[in-house]
Amino acid sequence: MVSVLVPLAAGCEEMEAVIVIDVLRRAGASVVVVGLEDGSVEASRGVRIVPDRRLDDVDAAAFDALVLPGGGPGTARLRQDARILRSVREFAAAGKWIAAVCAAPTVLLAAGVLAGKRATAHPSVHAELARGGVQVEAAQRVVVDGKLLTSQGPGTCFEFAYALVERLFSTAKVAELNASILARIGGE
């Protein structure tokens, strides 16, 4: 079974967390949501999300993919967390999928895995990414470069999640999801 690790930090963007978690679980992935600290995570709009576990209680290396939701304050907390940066580096070194949305591609940049790559992100962080040597694809809603998948923000989360499903499963799984939730996203 495909396993996906989704770390959440206080101030994460709700849609970017919940949509990708839901879509991946519907696809059949084992998604483990972890908090950086004990207890629930208060997201950027005040929604409380209860992680499955604490980050310290999982072996990140056992997962097939890592997904980083954005949101300004949440992204800053992810970027400042040595455990997250180490996990990003380990996933990259192992050739595993890493997906980041909104401001979260800056976490990939801080971990040293995004320089020289193509990516997209929320417009508010385009300049930071460009200064870090990233080829910013500002007009693209989802960008894949190797095993890195990036997207722009809350409004692109279904496309982001479906792009990950297509790579972790298949275009047939995307079509199955489209039929199930009455969407028309990719894979058709």
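Just so it is clear, none of the values below were taken in a lab; they were calculated from the coordinates. Since this is a predicted model, take the numbers as computed values, not measurements. Neighbour counts are summed over all protein chains in view; Cβ atoms, including those assigned to glycine, are modelled from backbone coordinates with ideal geometry.
With the charge dipole of the range 90-188 set up from +1 on Lys and Arg Cβ and -1 on Asp and Glu Cβ about the Cα centre, the Cα lying farthest toward the positive end among the listed residues Gly116, Leu164, Gln140 is that of Gly116. Taken one residue at a time, the phi angles of the range 135-147 give Karplus couplings (6.51, -1.76, 1.60, θ = phi - 60°) of 7, 7, 9, 4, 7, 8, 7, 9, 10, 10, 9, x, 9 Hz. Gly and Pro are set to x. Comparing Gly72, Gly133, Gly11 in a Gaussian network model of the chain, where Cα atoms under 10 Å apart are tied by springs, the biggest mean-square fluctuation is seen for Gly133. Other residues within the sphere of radius under 15 Å centred on the Cβ of Asp52, judged by their own Cβ, net out at -2 (K and R +1, D and E -1).
Taking Gly35, Gly70, Gly46 as the candidate residues, the one with maximal mean-square fluctuation in a Gaussian network model of the chain, Cα springs under 10 Å, is Gly46. Near Thr120, the amide H atoms lying under 5 Å from its own belong to Glu137, Val143, Thr150, Ser151; only residues 5 or more places off or on other chains count, and H is placed 1.01 Å from N. For the range 116-176, the set of GluC sites (Glu not before Pro) satisfying both a DSSP loop assignment and a count of at most 12 other C-beta atoms within 10 Å is empty. Charging the Cβ of each Asp and Glu at -1 and of each Lys and Arg at +1, and nothing else, the dipole of the range 1-129 about its Cα centre rounds to 340 debye.
Roughly what % of Cα-Cα distances in the range 83-188 sit above 17 Å, to the whole percent? Beyond 17 Å sits 51 percent of the P(r) for the range 83-188. Taken over the range 93-135, the convex hull of the Cα atoms encloses 63 Å³ per residue. When a/c reaches 1.5 or more, the comparison of a/b and b/c decides; with that in mind, is the range 1-98 rounded, prolate or oblate per its Cα gyration tensor? Judged from the Cα gyration tensor, the range 1-98 comes out oblate (a/c at least 1.5, b/c at or above a/b). Among (1) 54, 45, 23; (2) 77, 32, 26; (3) 40, 37, 34, which is the computed Cα extents along the principal axes in Å? So the calculated entry is the one marked (3). Between the listed residues Val23, Ser180, Gly72, the Cα displaced farthest toward the positive end of the dipole of the chain, a dipole computed from Cβ unit charges relative to the Cα centre, is found at Gly72.
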